[in-house]
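Below is one structure, written out as structure tokens; comments come after it.
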Amino acid sequence: MIEVLRPRAVSRSRPRVRGIGRVLIAVYGVLALAATGRSFVQIVGKFDQAPLAYLLSALAAVVYIVATIALTQPGRIWHTVAWATISFEMLGVLVVGTLSLLDPGLFPHDTVWSMFGRGYLFIPLVIPVLGMIWLSRNPPEGPESNHTEPTHTEPTHTAPTPTAPTHGDA
Amino acid sequence: MIAWFLIAQIAIATAAGVLCVILGLMGRKPTDLTMGATALVWLLLLAQLVVSVLAPVFGNRATGSLLEFYVYLISAVLLPVGTGFWALIERTRWSTVILGAACLSVAIMLYRMGQIWFVQGA
């Protein structure tokens, strides 16, 4: 992935990027809730009708939950987790979306990813792209700085302070 | 579920959502207006919950899956509460946008709930 260069001059607008990140997290949260709700209904209500599709729904729900949590947590490991889960979602929506279009018989029952997430206003198709852009612009914290409270002074010789979505934006 | 109440509720949730998204993008932090609009959406959801629980007693039954209906309804009730607390903790304009996103999600979920109640099994 190409590292997007953020020259120091842009640091003035960094809180804004961070702020948009919050909206991203909120949308992920809603999607996680939606996917969890749907898979809960499918598995409790009619699991025997299409076990594979419903297990896929449940897997998608879990991945959305993990991605939502990973986006809210600071640190390098969570950043990697966020990359992994968001990439998985991208792959999932592309593969399942394409398959459901080419051979509707494969996925007779809706999943979040059927028809590229049409049942969810195509949000599952768009949101991983936005997530990847956001992750690439917000490199993770170094392992050392995980537990230190970020100061408001601009570092002079180190890399720009990470902009992982921790609390305390205002 | 009562049709006119549902339609009014969807209209209000949509209006509140559009209002919050626009004000948020204009740079407003959460105010009494945007928080109040979200609170109104939440109160109407609680009313809808009461109506939906009582409706079958009066012969107004859901045509579709009740399980699916209540998963939607409970999820919808949680959204304004969650984002409302978020807006109280983090007072930035993006919290206002998030309030709007929650209200719009509620509107979509209500539409879907209407389908389950009136159309799905018919």
So how strong a dipole does region B:3-119 carry about its Cα centre when Lys and Arg Cβ are +1 and Asp and Glu Cβ are -1, to the nearest 20 debye? 160 debye
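Which whole number gives the average count of other chain Cβ atoms within 10 Å of the Cβ atoms across peptide A:23-30? Don't skip to the answer; put the middle values down first.
On the way: counts 8, 1, 3, 12, 3, 0, 7, 12.
Mean shielding by partner chains, rounded to a whole number: 6.
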Provide the packing ranking of B:67-79, B:28-40, A:43-55, i.e. peptides ordered by the mean count of other C-beta atoms within 10 Å per residue, highest first. B:67-79, B:28-40, A:43-55
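Within a 10 angstrom radius of each residue's Cβ in B:85-92, how many Cβ atoms of other chains show up on average? Whole number is fine.
On the way: counts 0, 4, 0, 0, 4, 6, 2, 7.
Mean partner-chain Cβ count within 10 Å for B:85-92: 3.
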The long-range amide H neighbours of A:VAL112, using H built 1.01 Å from N in the peptide plane and a cut-off of under 5 Å, are none
With the dipole of region A:37-138 defined by +1 on each Lys or Arg Cβ and -1 on each Asp or Glu Cβ, the option from A:VAL93, A:GLY45, A:PHE107 whose Cα lies farthest towards the positive pole is A:VAL93
Positive end of the dipole of region B:3-119, charges at C-beta (+1 Lys, Arg; -1 Asp, Glu), about the Cα centre: which of B:ILE7, B:MET26, B:LEU54 has its Cα farthest in that direction? B:MET26
Assigning unit charges at the beta carbon (Lys, Arg +1; Asp, Glu -1) and nothing else, what dipole magnitude in debye, to the nearest 20, does region A:37-138 show about its Cα centre? 280 debye
For B:THR92, enumerate residues with amide H under 5 Å from its amide H, sequence gap 5+ or separate chain, H modeled in the peptide plane. none
In angstroms, what radius of gyration and Dmax does region A:68-107 have, counting Cα atoms only? 14.2, 43
Inter-chain shielding of B:66-73 (mean C-beta neighbours from other protein chains, 10 Å cut-off): 4
Between A:ASP48 and B:VAL51, what is the label-point separation in nm under the 7 Å Cα-to-beta-carbon projection? 3.7 nm
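Using only alpha-carbon positions, what ratio does the radius of gyration of region B:3-119 give when scaled by 2.2 N^0.38 Å? Don't skip to the answer; put the middle values down first.
Values: Rg = 14.7 Å, N = 117, 2.2 N^0.38 = 13.4 Å.
In units of the 2.2 N^0.38 Å rule of thumb, it is 1.09.
Each reported figure results from applying straightforward, stated rules to the coordinates on display, with no laboratory input. The shown structure was predicted, so the numbers you read here are calculated from the model rather than taken from an experiment. Cβ atoms come from the backbone with ideal geometry, glycine included; neighbour counts cover every protein chain shown.
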